[in-house]
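Worksheet: the structure to be examined is printed underneath.
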Amino acid sequence: MIELVKIWDDQFAEFKDLALSSMSEDERETQAKAMARGRRNSSAQIDALPPAKQSLFNSQSLEINGHPVFVMNPENPAPGKPWVFYGPTLPAYPDRAESWMHQQFLKAGIAIAGVDVGEAYGSPVVLPVFDDLYTKMQELGFAKKPVLLGRNRGGLWVSSWAVKNPQIVTAIAGIYPVYDVSTYPGLKRAASAYQMTADELQTRLPEVNPIEKASILAKHQIPVFIIHGEEDTVVPLAENSGRLEQIYKQNQAGDLITLQRIKDQGHSFWPGYFNSRELVDFVIKQAGPN
């Protein structure tokens with residue numbers, strides 16, 4: 001038994017180092033504290049560990065104004081060439097955890113695309129780059145209205161673009177997405193990406209914070225599907241996905257938003273977030289010909 005415990009401890013340390021290596025300083029601190037509080041079981045901990053680099057299928061690499069772009073192309077595009085605008089696109093994202101989900105989209109004839117704008121946190125500064133990605137996808141013959149899929153801070157990416165362009169968004173999906181920049185990464189960290197001081201960003205939140213303008217999405221009748229853990233302390237459910245749900249209900253659009261609250265799960269690589277049949281089916285349905 002002692003030997004087995006030592007083997008587990010050695011493996012846990014190895015996986016922990018791998019997990020923390022691809023995170024920001026703040027994320028490393030948060031995850032390290034969570035790991036230090038205890039290990040419920042080996043399989044859950046191993047499943048929670050993030051891969052170290054992007055995982056793409058049948059990918060076409062492009063560049064837009066110096067920003068790397070990926071397009072995962074299905075072998076047999078569905079009618080109308082539907083596509084998913086994914087965020088965040090970073091050196092480590094999309095990653096291996098999302099492989100099954102992306103494979104389901106591709107099998108359904110749906111492409112996935114994203115552009116790396118760095119840690120922009122939904123800043124208006126980078127929205128023109130998202131516009132350029134959209135224009136490029138139109139030039140390549142893809143559908144006029146993509147589904148937007150935001151994971152974690154990718155929620156800020158897609159929601160900030162959606163409130164600016166609701167007429168060309170068919171639906172929004174999210175995996176523990178951020179919609180309120182004041183909750184994550186926080187005004188101090190986000191300020192430089194917004195090219196403001198933290199005080200300036202605080203003052204201009206009604207103008208630039210996606211959640212403050214989310215009523216636009218509800219009024220344009222944009223369907224939403226979100227999966228979010230109730231124990232998420234990195235991206236609090238109530239202030240992000242929960243608040244978006246409230247906004248939809250306040251605008252008589254509550255039937256258009258589905259928020260799956262996952263008990264006993266936090267901000268992790270729990271497979272249920274990424275292997276959600278309901279989320280995949282929602283995206284496939286909404287991405288149909290438009």
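The values are calculated or read from the model by the stated rules, or taken from the named source; none is laboratory data. Everything quoted here is computed from the prediction, not taken from an experiment. Backbone-built Cβ (ideal geometry, glycine too); neighbour counts: all protein chains shown.
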**Message:** Given the criteria of a type outside the set (Ser, Thr, Tyr) and under 23 Å from Asp95 (Cα atoms), does Gly229 qualify?
**Reply:** yes
**Request:** Taking Pro223 as the residue in question, decide whether it is closer than 30 Å to Ala78 by Cβ and surrounded by fewer than 15 Cβ atoms within 10 Å (Cβ to Cβ).
**Result:** no
**Request:** Being in contact with a Gly (Cβ under 9 Å, 6 or more places away or on another chain) and either part of a loop (DSSP other than H, G, I, E, B) or outside the structural domain of Asp95 (by TED's automatic domain parsing) (or both) is the filter here, so list the residues in the range 260-283 that pass it.
**Result:** Lys263, Asp264, Gln265, Gly266, His267, Ser268, Trp270
**Prompt:** In this structure, is Ser192 in contact with a strand residue (DSSP E or B) (Cβ under 7 Å, 6 or more places away or on another chain), of a type in the set (Gly, Ala, Ser) and closer than 20 Å to Asp116 by Cβ?
**Reply:** no
**Message:** Condition first: buried (at least 18 other Cβ atoms within 10 Å of the Cβ), in contact (Cβ under 8 Å) with a residue 60 or more places away in the chain and under 25 Å from Ser276 (Cα atoms). Can you find one or more residues in the range 187-202 that meet it?
**Reply:** no
**Request:** Being part of a strand (DSSP E or B) and under 13 Å from the mean Cα position of the chain (by Cα) is the filter here, so list the residues in the range 88-111 that pass it.
**Result:** Leu90, Tyr93
**Message:** Taking the conditions exactly as written (touching a residue at least 12 places away in the same chain (Cβ under 8 Å) and acidic (Asp, Glu)), does Glu207 satisfy them or not?
**Reply:** no
**Asked** Is it the case that the range 155-169 has a residue that's of a type in the set (Ser, Thr, Tyr), touching a residue at least 12 places away in the same chain (Cβ under 8 Å) and crowded, with 24+ Cβ neighbours inside 10 Å?
**Response** yes
**Item:** Test set (1) within 19 Å of the chain's Cα centre (by Cα); (2) of a type outside the set (A, V, I, L, M, F, W, C); (3) more than 30 Å from Gln138 (Cα to Cα) - Arg277 fails condition number
**Value:** (3)
**Request:** Considering each residue of the range 69-117, count those that are within 18 Å of Tyr176 (Cα to Cα), aromatic (Phe, Trp, Tyr) and either touching a Leu at 6+ places or on another chain (Cβ under 9 Å) or buried (at least 21 other Cβ atoms within 10 Å of the Cβ) (or both), and give that number.
**Result:** 3
**Request:** Could you please let me know if Gly122 is surrounded by fewer than 23 Cβ atoms within 10 Å (Cβ to Cβ) and on the phi > 0 side of the Ramachandran plot?
**Result:** no
